[in-house]
Structure formats: structure tokens, C-alpha cells
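Heads up: the structure comes next, in C-alpha cells.
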């Protein structure tokens with residue numbers, strides 16, 4: 001059993017170098033291209049968004065991002081590549097649905113304050129990814145970027161409460177999809 005775990009650790013260490021350092025820049029470029037495409041074309045199909053949405057609603061997604069962020073400083077101290085991958089997964093699997101539903105031009109109009117807070121949270125998560133991708137970033141700057149991301153998520157929660165946004169799943173707010 002120990003040999004198995006030793007192999008897994010060695011394999012993960014070998015693969016960590018394969019993560020490109022400019023991954024957050026590439027993700028931002030793709031996001032900007034997708035945003036430009038969605039600005040020029042019709043809005044995304046709400047039925048399609050609902051079909052691919054993760055379980056829960058905005059409160060659950062924010063909680064999931066926070067839980068993942070809790071592990072990032074310790075993970076970054078051991079392996080920056082794993083920490084970066086963790087944040088990328090949080091961004092793709094939890095932040096992106098949050099943005100698609102409640103961000104600027106999202107499927108659910110919860111108001112400008114919510115949209116602005118959601119966009120700021122995305123910016124903070126992208127800055128964290130840039131810190132993790134940088135070989136020059138110190139532990140303190142990574143911890144500060146994690147704290148800034150958590151603070152931005154708090155502002156999303158506060159804006160959502162102020163807007164009266166129910167913390168239920170978007171599919172529970174929408175008409176049944178066939």
C-alpha cells in the first residue's frame with residue numbers, strides 16, 4: 001500500500017511541472033473571448049445553463065469556494081501546482097456558474113450590486129491564480145490573495161442578501177425544464 005502512495009506522490013510531483021505558468025492569463029483571455037461572444041450573440045439558453053449547473057445555489061457555491069480556499073495556503077506551501085489546480089477547479093466548477101447566473105449579463109438579474117460583487121470575486125480569484133502561478137510569490141502574498149478572495153465572496157453574499165436573492169438553486173427558481 002505504501003508503494004502505491006509513493007508512486008502517486010512521485011507521479012503528482014512529476015506532473016506538477018506540466019502546468020503552464022501563464023494558465024491564469026490564458027483563462028482570462030478565454031473568459032474575455034467568451035464574454036465578447038456572449039455580448040454579441042443572444043444570451044445563453046437558461047435551460048442549458050440549468051442542465052449544467054452544479055447542485056445547490058449561490059450560497060452553496062460560495063460555501064464550496066470558501067472551503068476550497070481554506071486549503072490553498074497549506075497546499076501552496078507543499079505544491080504550488082496542486083494549489084493552482086485547486087483554485088482553477090473552484091473557478092471553473094463553482095465561480096463560473098455563479099457568474100453565468102448572477103454576474104453581469106447573467107441569466108438571473110439580481111441587480112447591479114450583485115453583478116458587480118460577483119465580477120469582483122472573479123477578479124480576486126484570478127489574482128490568486130496569478131500568485132500561485134508566479135515563482136516569485138511569497139507565502140504572505142498568497143495568503144493575502146486568499147483573504148482578498150474570501151472578502152470578495154463575503155461581499156457577494158451581502159449583496160445577494162440585500163437584493164433579497166433566495167439561497168436556493170437556480171433550477172428551483174425557474175420554470176420546469178423538459
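Could you figure out which of (1) surrounded by 17 or more Cβ atoms within 10 Å (Cβ to Cβ); (2) in contact (Cβ under 8 Å) with a residue 60 or more places away in the chain; (3) within 16 Å of residue 65 (Cα to Cα) isn't true of residue 167? Of (1) surrounded by 17 or more Cβ atoms within 10 Å (Cβ to Cβ); (2) in contact (Cβ under 8 Å) with a residue 60 or more places away in the chain; (3) within 16 Å of residue 65 (Cα to Cα), only one is false for residue 167: (1). Inside the range 105-123, can you point out the residues that are loosely packed, with under 15 Cβ neighbours inside 10 Å and at pLDDT below 95? Within the range 105-123, 105, 109 meet the criteria. Take the residues in the range 83-115 that are in contact (Cβ under 8 Å) with a residue 60 or more places away in the chain and either in contact with a strand residue (DSSP E or B) (Cβ under 6 Å, 6 or more places away or on another chain) or outside any helix (DSSP H, G or I) (or both), then tell me which one is farthest from residue 170 (Cα to Cα). Step by step, filter the range 83-115, then rank; the result is 105.
Residues checked against (1) in contact (Cβ under 8 Å) with a residue 40 or more places away in the chain; (2) in a helix (DSSP H, G or I); (3) touching a helix residue (DSSP H, G or I) at 6+ places or on another chain (Cβ under 7 Å); (4) under 18 Å from residue 95 (Cα atoms):
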residue	(1), (2), (3), (4)
117	yes, yes, yes, yes
120	no, yes, yes, yes
126	yes, yes, yes, yes
129	yes, yes, yes, yes
145	no, yes, yes, yes
153	yes, yes, yes, yes
158	yes, yes, no, yes
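Here the condition is being farther than 17 Å from residue 62 by Cβ, surrounded by 15 or more Cβ atoms within 10 Å (Cβ to Cβ), modelled with pLDDT of 95 or more and under 12 Å from the mean Cα position of the chain (by Cα); of 88, 126, it holds for 88 alone.
The values are calculated or read from the model by the stated rules, or taken from the named source; none is laboratory data. Computed from a predicted structure; not experimentally measured. Note that each Cβ is placed from the backbone with ideal geometry, even for glycine, and that neighbours are counted across all protein chains shown.
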